[in-house]
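Notes follow the structure.
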Amino acid sequence: MSENTGKTAIVTGASRGIGRAIAVRLAKSGYNIAIVDACPLEMSKDCEEEVKALGVEAKAYQCNVADFEKVGETVAQITEDFGGIYILVNNAGITRDSLLLKMTEENFDAVIAVNLKGTFNFIKHCTPVMMKKREGRVVSISSIVGIEGQAGQVNYSASKAGVIGVTKSCAREFASRNITFNAIAPGYVETPMTAVLTDKQKDAIFAMIPLKRYGQPEDIANAVNFLCSDDASYITGQVLSVDGGMHM
Ligand code: NAI
């Protein structure tokens, strides 16, 4: 039996891409998994079955992370279904790219609502549950562009820089409660989100990666798994770049 048996991890945006890889990796470490995604529940079925096949409990929940009340209901349901929450991984995210001169207010607000407010919403509702057991791990997925900025991504880079601010402030607020907060800043990872880029854009990114390969969802998932493990119990308020050396 794993030392993590009975502990539960919430992973947002877990039906595909990086979130799904995180759900599977944490399941391999023995955690039960609450799969949260805005998509219809049928679309989370594959992930749910893959996780269950690893011998842990799993259940999918349809929830828009930007909806504060719905997040509250979902966290309450997960707490009832699983008996507690040990890990929260804020992974759900969207892009609405364009240069600032063409960026609409709607597209700015939409990205902030999901990527930044969604992170706040889940932290806000999960921390009271974690505090009862005086332990918890929160890992939020930021981005290299939250550190460096990126032309065409004012909304996205602002949201991801915001995630770093939330992470560091919460790390200070909750350290005495034994809840750690860290962020991961991926570089380029091959997922449906990045599949929309042109070959020219992908080639330009490839040229900036010292390790000379694109990131895979599992690269991010392994880092999340480490930050959730006992080996990382003395690490909080950090931003871990997982990007093949793009940002140094
Ligand atoms: P993806 O688009 O493949 O998957 C995102 C998942 O989030 C989808 O399942 C989607 O349904 C879900 N989602 C979107 N909006 C939601 C909402 N409002 N509520 C609940 N779920 C929602 O994206 P990918 O590539 O797997 O990205 C995962 C995270 O990693 C995102 O936060 C993204 O910004 C971040 N990231 C990705 C990079 C990449 O190169 N793919 C690089 C840096 C960061």
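Please verify whether region 202-220 includes one or more residues that are closer than 19 Å to Ala9 by Cα and not acidic (Asp, Glu).
yes
Can you confirm whether Asp67 is in contact with a Gly (Cβ under 8 Å, 6 or more places away or on another chain), within 15 Å of the ligand (Cβ to nearest atom), at pLDDT 95 or above and over 23 Å from Ala27 (Cα atoms)?
So Asp67 does not fit the description; no.
Being touching a residue at least 60 places away in the same chain (Cβ under 8 Å), open to solvent by 70 Å² or more (accessible area, probe 1.4 Å) and either of a type in the set (Gly, Ala, Ser) or within 16 Å of the ligand (Cβ to nearest atom) (or both) is the requirement here; does Glu148 meet it?
For Glu148, the condition - touching a residue at least 60 places away in the same chain (Cβ under 8 Å), open to solvent by 70 Å² or more (accessible area, probe 1.4 Å) and either of a type in the set (Gly, Ala, Ser) or within 16 Å of the ligand (Cβ to nearest atom) (or both) - is met.
Quick check on my filter: what residues within region 232-248 are in a loop (DSSP other than H, G, I, E, B), in contact with a strand residue (DSSP E or B) (Cβ under 7 Å, 6 or more places away or on another chain), open to solvent by less than 90 Å² (accessible area, probe 1.4 Å) and farther than 26 Å from Ser2 by Cα?
Passing the criteria: Gly237, Asp243, Gly244, His247.
Listed here are the residues, each with its yes/no results for (1) farther than 14 Å from Ile141 by Cβ; (2) basic (Lys, Arg); (3) open to solvent by 70 Å² or more (accessible area, probe 1.4 Å); (4) out of contact with any helix residue (DSSP H, G or I) (no Cβ under 9 Å at 6 or more places or on another chain).
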residue	(1), (2), (3), (4)
Ala175	yes, no, no, yes
Asn178	yes, no, yes, no
Val189	no, no, no, no
Asp199	yes, no, yes, yes
Ile209	yes, no, no, yes
Pro217	no, no, no, no
Val224	no, no, no, no
Asp230	yes, no, yes, yes
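Go over the candidates Ile10, Ile35, Ile22 one by one and state the one that is hydrophobic (A, V, I, L, M, F, W, C), under 16 Å from Thr119 (Cα atoms) and near the ligand (Cβ under 10 Å from one of its atoms).
Only one candidate passes the filter, namely Ile35.
State yes or no: is Ala151 more than 30 Å from Lys7 (Cβ to Cβ) and part of a loop (DSSP other than H, G, I, E, B)?
So Ala151 passes the test.
Of the residues Glu57, Glu50, Glu3, which single one is over 22 Å from Glu135 (Cα atoms) and more than 9 Å from the ligand (Cβ to nearest atom)?
That would be Glu50, the only listed residue that is over 22 Å from Glu135 (Cα atoms) and more than 9 Å from the ligand (Cβ to nearest atom).
Note down all Cβ pairs under 9 Å where the first residue falls in region 1-28 and is acidic (Asp, Glu), the second is in a strand (DSSP E or B) and open to solvent by less than 10 Å² (accessible area, probe 1.4 Å), and they're at least six residues apart or on different chains.
none
If you take the residues of region 124-140 that are of a type in the set (A, V, I, L, M, F, W, C) and in contact with a Ser or Thr (Cβ under 8 Å, 6 or more places away or on another chain), which of them is nearest to the ligand (Cβ to nearest atom)?
Ranking the qualifying residues of region 124-140, first place goes to Val138.
Between a residue in region 174-203 that is free of Cβ contacts under 8 Å to residues at least 60 places away in the same chain and any residue that is surrounded by 16 or more Cβ atoms within 10 Å (Cβ to Cβ) and basic (Lys, Arg), which pairs come within a Cβ distance under 6 Å, given they are 6 or more apart or on different chains?
Close Cβ pairs satisfying both conditions: Thr180/Arg137.
Looking at Thr127, Thr119 in this structure, which one is within 30 Å of Ala58 (Cα to Cα), within 13 Å of the chain's Cα centre (by Cα) and not basic (Lys, Arg)?
None of the others qualify; the one that does is Thr119.
Restricting to region 160-173, name every residue that is open to solvent by 80 Å² or more (accessible area, probe 1.4 Å) and within 16 Å of the chain's Cα centre (by Cα).
Lys168, the sole residue that qualifies.
Consider region 166-207. How many of its residues are hydroxyl-bearing (Ser, Thr, Tyr), more than 9 Å from the ligand (Cβ to nearest atom) and either more than 28 Å from Lys124 (Cβ to Cβ) or not in a helix (DSSP H, G or I) (or both)?
Matching residues across region 166-207 total 2.
The values are calculated or read from the model by the stated rules, or taken from the named source; none is laboratory data. Remember, predicted model here, so these are calculated numbers, not experimental data. As a convention, Cβ positions derive from the backbone with ideal geometry for all residues, glycine included, and neighbour counts pool all protein chains shown. Side chains are part of the model used for accessible areas, which takes the heavy atoms of the whole protein and leaves out ligands, DNA and RNA. Shrake-Rupley method; radii C 1.70, N 1.55, O 1.52, S 1.80 Å.
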